[in-house]
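Here is the structure we will look at, set down as structure tokens.
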Amino acid sequence: MDKRFENKVVLITGAGSGFGRMAAQRFADEGARLALSDVNAEGLAETAASLKCEVISDVLDVTDEAQHIAHIAHIRDAFGTLDVAINNAGWGHDLKPLHMVSGDEFDRSIAINAKGVFLGMKHQLPMMHAAGGGAILNVASAAGLVGAAMISAYAAAKHAVVGLTRAAADENARKNIRVNALCPSFSSTPMVQEMASQIEARTGADRDTTYAQIANRIPMARVSEPQEVVQAMLWICAPENSFMTGQAIAIDGGLTAI
Ligand SMILES: NC(=O)c1ccc[n+]([C@@H]2O[C@H](COP(=O)([O-])OP(=O)(O)OC[C@H]3O[C@@H](n4cnc5c(N)ncnc54)[C@H](O)[C@@H]3O)[C@@H](O)[C@H]2O)c1
């Protein structure tokens, strides 16, 4: 089979865990050269060590603009160009109703989930302008499309990611840069495993029962396997998907269709 990303330079934030780590492995299988980052140095090093491709990695907190600037400079030195950027890093606050969410938790959710994507695109786009094109994928959430009880500050930030995506898509469409968002519902990554553990501590339920409760409102009645989401990341960014931009694609078992 042809490798869809042969020699392409692919940036992934939040690459130390979950979707980001699996995406790095799948892009490597498809021939990519990788620029990985995460705030978690240990997770990032584990991901980088699992790869058999050209890779650079930087510890990067997506809320810190200077670190984005340094990462882009590192990519320029190492690879000279940037073809694909996946703004994937994210953080979910503990499950609680809006009136129990602190101002600090709200600010943190906006800083990581929304401003992190803004700063990422702000510094990725000029490199893609210079390259004459590219593809950006921002990882939002089904909670960026519809209301989501108990995760209000997360939902607010993920709605912002969808808005940023649409604006950047419009601004860059004539520069041959496609910008899309991905909106998964629950998938069994460490983020959702942690959320399930919180529920189990409260209810005493086992993991299967908790996942069944989480999936209660999903027409397909299950959480997804991470690879079901990651395959969509690759397809959305692939050169063959040449006419899709400004979209928020839900991989959600039907959650946002009802
Ligand atoms: N798993 C799901 O069900 C689900 C659903 C919808 C959206 N998402 C989104 O998918 C993305 C990936 O999440 P995941 O499920 O793989 O979870 P995860 O917790 O396994 O991975 C998130 C990664 O982001 C990193 N990160 C957190 N704060 C950061 C910061 N300030 N700077 C840089 N990196 C930071 C973490 O260290 C971690 O490696 C997130 O944006 C998340 O909101 C996940």
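The values are calculated or read from the model by the stated rules, or taken from the named source; none is laboratory data. All values reported here derive from a predicted model rather than from experimental measurement. Here the Cβ is made from the backbone with ideal geometry for all residues, glycine too, and neighbour counts use every protein chain on show.
In summary, helices (runs of 4 or more DSSP H) completely within the stretch 147-223 and bearing 1 or more residues that are of a type in the set (A, V, I, L, M, F, W, C) and under 20 Å from the mean Cα position of the chain (by Cα) occur at 152-172, 190-203. Going through (1) within 23 Å of residue 140 (Cβ to Cβ); (2) away from the ligand (no atom under 16 Å from the Cβ) one by one, residue 2 falls short only on (1). Applying the set (1) in contact (Cβ under 8 Å) with a residue 60 or more places away in the chain; (2) in the same structural domain as residue 21 (by TED's automatic domain parsing) to residue 152 leaves exactly one unmet item: (1). Inspect the stretch 235-255 for any residue being in a helix (DSSP H, G or I), away from the ligand (no atom under 11 Å from the Cβ) and among the small types (Gly, Ala, Ser) and give the result as yes or no. Among the residues of the stretch 235-255, not one is in a helix (DSSP H, G or I), away from the ligand (no atom under 11 Å from the Cβ) and among the small types (Gly, Ala, Ser), which makes the answer no. I'm told residue 81 meets every condition in (1) in a strand (DSSP E or B); (2) over 26 Å from residue 192 (Cα atoms); (3) of a type in the set (Val, Ile, Thr) except one. Can you identify the failing condition by its number? Among (1) in a strand (DSSP E or B); (2) over 26 Å from residue 192 (Cα atoms); (3) of a type in the set (Val, Ile, Thr), residue 81 violates only (1).
Taking only the stretch 9-68 into account, find how many residues are near the ligand (Cβ under 7 Å from one of its atoms) and of a type outside the set (A, V, I, L, M). Residues meeting the conditions: 13. How about the stretch 235-254: which of its residues are crowded, with 19+ Cβ neighbours inside 10 Å and in contact with a helix residue (DSSP H, G or I) (Cβ under 6 Å, 6 or more places away or on another chain)? Answer for the stretch 235-254, where residues must be crowded, with 19+ Cβ neighbours inside 10 Å and in contact with a helix residue (DSSP H, G or I) (Cβ under 6 Å, 6 or more places away or on another chain): 245, 248, 250, 251, 252. Just to be sure before I move on: is residue 94 charged (D, E, K, R), in contact (Cβ under 8 Å) with a residue 12 or more places away in the chain and in a loop (DSSP other than H, G, I, E, B) in the structure I sent? So residue 94 passes the test.
Here residue 71 clears all of (1) under 23 Å from residue 225 (Cα atoms); (2) surrounded by 19 or more Cβ atoms within 10 Å (Cβ to Cβ) except the condition numbered (1). Report, ordered by the first and then the second residue, all pairs with beta carbons closer than 6 Å, sequence separation of six or more or different chains, a first member in the stretch 117-142 that is crowded, with 24+ Cβ neighbours inside 10 Å, and a second member that is among the basic types (Lys, Arg). Pairs found: 135/178; 140/158; 141/158. Of the residues examined, residue 6 is one that is in contact (Cβ under 8 Å) with a residue 12 or more places away in the chain and exposed (fewer than 15 other Cβ atoms within 10 Å of the Cβ).
Looking across the stretch 2-28, the residues that are in contact with a helix residue (DSSP H, G or I) (Cβ under 8 Å, 6 or more places away or on another chain) and hydrophobic (A, V, I, L, M, F, W, C) come down to 5, 9, 10, 11, 12, 15, 19, 22, 23, 24, 27.
Table: residues versus (1) of a type in the set (Phe, Trp, Tyr); (2) more than 10 Å from the ligand (Cβ to nearest atom); (3) closer than 24 Å to residue 228 by Cα.
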{"site": "148", "(1), (2), (3)": "no, no, yes"}
{"site": "156", "(1), (2), (3)": "no, yes, no"}
{"site": "169", "(1), (2), (3)": "no, yes, no"}
{"site": "208", "(1), (2), (3)": "no, yes, yes"}
